[in-house]
Amino acid sequence: MVKSALRAEARVESRILSKVFGVFCLGWLVFLVFVHQHLNDSVLQLYARNQSFNKAQFAAILEQAENRLQQIARTVLTTLPAPDAGGALAVGQVVASLDQGWSGLEKPPDFLAMHFLAEDGRLLAGWGDVPEHAAGHDVEPARLLQAERERRSITYLSCHELCFFTLVRTLDADSDGLGYLHLSIPVENLLRQFEFLVGPGIFLFRRQTGIAQPDRLQYVFQAASSQVRWLKYRDLLAGLDWQEAVYQRTLLAQELLLGRLDIGYFADNPYLFVTAEDMTRNFDQAGSAFARILLGSLLVMLLLCMILYFFIHHVIRRLQFLAGVLPVIGAGQFEQAEKLLERSRPATHVRQDELDFMHQSVRVLNGRLMQLHTSLRSQNDQLRVLADFDGMTGLWNRRRFRQELESWRREGRPFYLALFDLDHFKVINDTLGHAAGDHVLAAFSDVLREEVSGEGLLLARMGGDEFAMAMRGNSRAEVEALLGRIVRLWLQSPLWSRGLRMVVKSKPSIGVAGFPADSGNMEELLVCADTAMYENKRLKQADFHFYTGRELIVFQERQLTNWLNHLTQAFQQERFLVYFQPIVSQTGHARVACEALVRIRCQEQDGGVLHAGHFIAYAEQTNLIVRIDRLVLDQALACLCSHQPQPVLFFNVSNNTLSTPGFDAYILDKLEEYGYDPACLVIELTESAEIVNFRQAESFINGLRHAGIRFALDDFGTGFSSFNYISKLELDFIKIDKSIVWGLLAASEYTKNRGIVESIVYLARAAGMQVILEGVETPEVLERIEGLGADLLQGYLFGQPSASI
């Protein structure tokens, strides 16, 4: 049992460890996701810082370029002559002066171009590195008008075939008509300068077109950086959101981040600068760091799992052991559980934990349960002895003996039952004392045990000085021989009490009855043996007497005496009970009334009750029936008076009570005492016994009918003068006896019996009475009485008698 429990608990350990490992793995994965995200965020934060730096550097380059152009413009314009008397300069003079100014520049920037433009924007002259395909095509009239209107230098970005950083201003701030000075530097130079100083590649795009038509700007892209090629990153650039995105990451071998540079100089221009920064090394470093963290955390997690497994395994194994011991304790194997707990007892020198205390508690529990089990087993043995054996003689008592006899009866094998009664035993008790009487009983039981032994023999003390013996598998001759030996041995064995030999000896009276020859019913068999025993006591002609059936009168006299005593004790001990049985309607079987029935509570501890059939006949013979009728009426009214509405009560009155003077007044007094409606009381007259005085019965009925009480004739069909009663007594109900109702079940006589019942119903109808059929106890009976015309039904099918309605 322990091994099976441990195997079962091993599965629990596996489930616990798998769940713990799963939690660890989940936590580890969450940690890795967090670390990975943190490393990526770190790289992106670095890029964001770089991008801010790039923006500042590029803005500085543009500002430096603007300042340079402003300085060149001021230097060149200082060579212009003063206007003539007419207030105007000739174009030739301006060109010569500008040429002189250009020549005077110490070192013009590479690819610097200067143009002299007329008022209408025509190119009048040009200096510097001016590609033929671009000269004169990068002038924006709107910028010229803006410079003329604001009277200041205007810088802007101009892209046609090439892109230039351009400055425009009027030649003379004080007069009109001279034209404009147009200075420009290729954006390529600025981009190369940014790449040289900062590092990342840089691109220039139109905001409106994006990269939909890149051919016009291809020169700019190729010239902007020697490391970044437009065609290589075309797809990446095509996915950049110019309105929102700050950076994007490519899936190429390089980790390339793109970011736009929003420069304040060109806020009103449709151009956008985009940097392309190679972050491959940074991402590689982050990946290496993540790999190191991954490996290290994996090792740490495995180490933690091993440590946790060690502790959990140790704890679970101890719990498994205790869980395996508990079923052993539950099975009552306390000794085995104690051995197991002793072998696994924790060391006393080691610091104890909660599991050690649990181990000790289980051991204490096992010890307490072992003690309790031992005590209960001892008490059960004692109770079994007390329940089955007589304390004085050690023989079986009446209850156990009857159980064994009942078992023999069910087996159906023949046996003999002998009852013993010690004569003059009361004399011994009265003269020598109860101790001497007890000594006699013990000595007689020893004689029985000495002679009666082996299989098929039972011995018991039935109570007082009565003993019983049952013999199975013996012939009558063998039984006679055995009983003869018992009597001789008893009479020959000396009896001593307090050191003195007892002279007075009780000879046993023995009665024998055979099963099933004398009776197949156990109660009747005991009565037969008891009758034979009293017959032997009365005749005193032999050592024993076998039941013959001719002892009936003696038995009846004894039964009458016994029942007189029993009924008297029942009155004294208030053991009479009133039960109620329902009476239902023929149609629908609704409860319409109930009948009060008397019972006697038995003195035995099993709480059984005796039915009226056991004692009513003896009560009538002893005239105790009058007291019983009064008691039943009183208890029934007391029980039912509080019910609303008050139920109809059927109450049996014996002929003895009917002829008792004053009983009618007693009924009226009780009805008034309990406030019970007389119309709800129906008095049943028993038809099974002859009414001796018809005149007295008529007077009794008529007097109570005036008060509203109704009457019924009970057990109709079993008595002496059924039709005479109907014709002479004024009745309300007829209750047909169950023996007549059960006759309908006989298939051979069904037609005849049904005709009889139908005739009774017809007769009752003619006399104005309702018919009640008794004994409706099975659905078969209910089916047979259908259509007979009865008004009410009564029987166990509709309800057993009970103490309440």
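The values are calculated or read from the model by the stated rules, or taken from the named source; none is laboratory data. Worth saying up front: this structure is predicted, and the values here are computed from it rather than measured. So basically every Cβ, Gly included, is an ideal-geometry build from the backbone, and we count neighbours across all protein chains shown.
The table that follows gives values for the structure above.
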{"item": "Residue identified as in contact (Cβ under 8 Å) with a residue 40 or more places away in the chain, out of contact with any Phe, Trp or Tyr (no Cβ under 6 Å at 6 or more places or on another chain) and surrounded by 13 or more Cβ atoms within 10 Å (Cβ to Cβ) among V512, V487, V427", "result": "V487"}
{"item": "Filter result for G768 (loosely packed, with under 13 Cβ neighbours inside 10 Å and at positive phi)", "result": "yes"}
{"item": "Residue match in the range 755-770 (condition: closer than 22 Å to I583 by Cα and touching an Asp or Glu at 6+ places or on another chain (Cβ under 7 Å))", "result": "yes"}
{"item": "Condition check for I329: over 26 Å from R377 (Cα atoms) and either in contact (Cβ under 8 Å) with a residue 24 or more places away in the chain or hydrophobic (A, V, I, L, M, F, W, C) (or both)", "result": "no"}
{"item": "Pairs with Cβ under 8 Å, 6+ apart, first in the range 13-34 and over 18 Å from L303 (Cα atoms), second of a type outside the set (A, V, I, L, M, F, W, C) and part of a helix (DSSP H, G or I)", "result": "E13/H313; E13/R317; E13/Q320"}
{"item": "Residue check for A593: closer than 24 Å to I736 by Cα and either touching a residue at least 60 places away in the same chain (Cβ under 8 Å) or among the aromatic types (F, W, Y) (or both)", "result": "yes"}
{"item": "Single condition L788 does not satisfy, out of (1) in contact with a strand residue (DSSP E or B) (Cβ under 7 Å, 6 or more places away or on another chain); (2) over 29 Å from A617 (Cβ atoms)", "result": "(1)"}
{"item": "R149 being modelled with pLDDT of 70 or more and surrounded by fewer than 19 Cβ atoms within 10 Å (Cβ to Cβ)", "result": "yes"}
{"item": "Test result for C594, in the same structural domain as E786 (by TED's automatic domain parsing) and closer than 16 Å to G799 by Cα", "result": "yes"}
{"item": "All helices (runs of 4 or more DSSP H) inside the range 414-521 with 1 or more residues being within 24 Å of Q403 (Cα to Cα), out of contact with any strand residue (DSSP E or B) (no Cβ under 7 Å at 6 or more places or on another chain) and not hydrophobic (A, V, I, L, M, F, W, C)", "result": "434-451, 476-492"}
{"item": "Long-range neighbours under 7 Å by Cβ, at least six apart or interchain, first residue surrounded by 12 or more Cβ atoms within 10 Å (Cβ to Cβ) within the range 450-468, second assigned to a strand (DSSP E or B) and modelled with pLDDT under 85", "result": "none"}
{"item": "Residues located in the range 732-771, provided they are aromatic (F, W, Y) and within 60 Å of the chain's Cα centre (by Cα)", "result": "F733, W742, Y750"}
{"item": "Pair list, Cβ under 7 Å, 6 or more apart: the range 523-534 residue under 10 Å from V512 (Cα atoms) and without any contact (Cβ under 8 Å) to a residue 40 or more places away in the chain, other residue surrounded by fewer than 24 Cβ atoms within 10 Å (Cβ to Cβ) and of a type in the set (V, I, T)", "result": "T531/V554"}
{"item": "Some residue of the range 313-322 being surrounded by 15 or more Cβ atoms within 10 Å (Cβ to Cβ), among the β-branched types (V, I, T), in contact (Cβ under 8 Å) with a residue 24 or more places away in the chain and closer than 30 Å to Q360 by Cα", "result": "yes"}
{"item": "Helices (runs of 4 or more DSSP H) within the range 538-655 that include 1 or more residues surrounded by 15 or more Cβ atoms within 10 Å (Cβ to Cβ) and modelled with pLDDT of 95 or more", "result": "625-640"}
{"item": "Matching residues, the range 357-372, being modelled with pLDDT of 75 or more, surrounded by 16 or more Cβ atoms within 10 Å (Cβ to Cβ) and within 20 Å of R317 (Cβ to Cβ)", "result": "V362, R363, N366"}
{"item": "Total residues in the range 747-805, condition within 25 Å of D732 (Cβ to Cβ), assigned to a loop (DSSP other than H, G, I, E, B) and among the β-branched types (V, I, T)", "result": "3"}
